[in-house]
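Participant: Submitted below is the structure of interest, expressed as structure tokens.
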Amino acid sequence: MASLLNTGVAAAADFRLRNLDLKCHHTTWRVRASSSAAPGVGLSNLQSAIAKNDSTGVKEALDQLNEVGWAKIWGSQPYVSRRTTSLRELTTLGIKNAENLAIPSVRNDAAFLFTVVGTTGFLGVLAGQLPGDWGFFVPYLIGSISLIVLAVGSISPGLLQAAINGFSSFFPDYQERIARHEAAHFLVAYLLGLPILGYSLDIGKEHVNLIDERLEKLIYSGQLDAKELDRLAVVAMAGLAAEGFQYDKVVGQSADLFTLQRFINRSKPQLSKEQQQNLTRWAVLLAGSLLKTNKNLHEALIKAMSEKKTVLECIEAIEKAS
């Protein structure tokens, strides 16, 4: 897929939502009473809405909590209209290698394949020292493993991707990357007033579960206007921006880019390639600015999500850190 930042968003006929999920997953979240809410402020309505996967109820409960002065961060980011954005602005903000942000990383894929080929090659050489016919046939059998892996990748890419995801967990920065990436989606959505019902940091299932019934109807009908597209684009690019601040290469952006493409395809009026390119840059810039301004909230949320806190506990972590 061509770079969104440099050559516009490439069309995506098929995609999978992983990092930013706008569909309801049947996940049961452990909800327990809050001790951090201010005296007299009840969180029972919010607890109940999250447990029921009721996005409208979550939004209404947070709106009420905001009115009584508890959920101060919820929906606190005012709408900022899209503007022309350059790569230089992203670099100035502190994002590393901004020109390569939207180029899908092949680090994990290359490391997996190199390991498979290297290991089977080494074992094949050792097997060649076996006596008799074993020294002839075993190396061929071991060498065929690489061909089998490639064949599986061609016939069933999902199985190969699952293997790569499992292998990727051995990278020292893997879990930290996931937590930082998904916490960025969570926090930016919360700042923009989009209800969060769930999240996962599990290998191959990383996502933040956002549901807004009104937005869902607009998406499925292909009637997203510029304002709603901007909001969703900023949330979609938040994980990419978070990794861009911390690492030279962004690994977890592919699903986010496909998600953004989906939103663009469902918007009215349709954007030109130049407008798509600018939207992506602007969304990364605004998401990065929000994360940088609210760095303490982001770090608190990373910690809470890494400890597998409930959605309610994650919200409390954000509000407590404010």
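Participant: Quick one: net charge of Arg231's neighbours, Cβ under 13 Å, K/R +1, D/E -1?
Facilitator: Result for the local shell: -1.
Participant: Can you tell me the dipole magnitude for region 257-309 around its Cα centre, using point charges on the Cβ only (Lys, Arg +1; Asp, Glu -1), in Debye to the nearest 20? Kindly include the intermediate steps, with their values, before the conclusion.
Facilitator: Numbers: 10 positive and 3 negative charges, 27 e Å.
The dipole magnitude comes to about 120 debye.
Participant: What length, rounded to one decimal in nm, is gained on full extension from Gln129 through to Lys52, with 0.36 nm per residue of separation minus their alpha-carbon distance?
Facilitator: Extending this stretch completely gives an extra 21.5 nm.
Participant: Contact order normalised by length for region 183-233, with contacts defined as Cα pairs under 8 Å and 6 or more residues apart; what percent is it? Don't jump to the answer; show the numbers that get you there.
Facilitator: On the way: 34 pairs, mean separation 12.6, N = 51.
Relative contact order comes out at 25 percent.
Participant: Taking a threshold of 25 Å on the Cα-Cα distance, which of the pairs Lys59/Lys309; Lys227/Lys320; Lys227/Lys303; Lys59/Lys96; Lys72/Lys227; Lys249/Lys303 fall above it?
Facilitator: Beyond 25 Å: Lys227/Lys320; Lys227/Lys303; Lys59/Lys96.
Participant: How far is it, in nm, from the label point at Lys320 to the one at Lys268 when both lie 7 Å from their Cα along the line to the Cβ?
Facilitator: 4.6 nm
Participant: Using amide H atoms built 1.01 Å from N in the peptide plane, name the residues 5+ places from Gln253, or on other chains, whose amide H lies under 5 Å from its own.
Facilitator: Sorted by chain and number, the residues that satisfy this are Ser105.
Participant: I would also like to ask the following. Quote to one decimal, in nm, the extra length available between Asp225 and Leu87 on full extension: 0.36 nm per residue of separation minus the C-alpha distance between them.
Facilitator: Working it through step by step, the gained length comes to 47.2 nm.
Participant: Rank-order 280-286, 210-216, 260-266 by packing density, defined as the average count of other C-beta atoms within 10 Å over each peptide's residues, highest first. Kindly include the intermediate steps, with their values, before the conclusion.
Facilitator: Values: 280-286: 25.7, 210-216: 18.0, 260-266: 21.6.
By packing density, highest mean first, the sequence is 280-286, 260-266, 210-216.
Readers should treat all values here as calculations from the given coordinates under stated rules, not as data from a laboratory. Quick caveat: nothing in here was measured; it's all calculated off a predicted structure. Quick reminder, even Gly has a Cβ in these numbers, built from the backbone with ideal geometry, and neighbours come from all protein chains shown.
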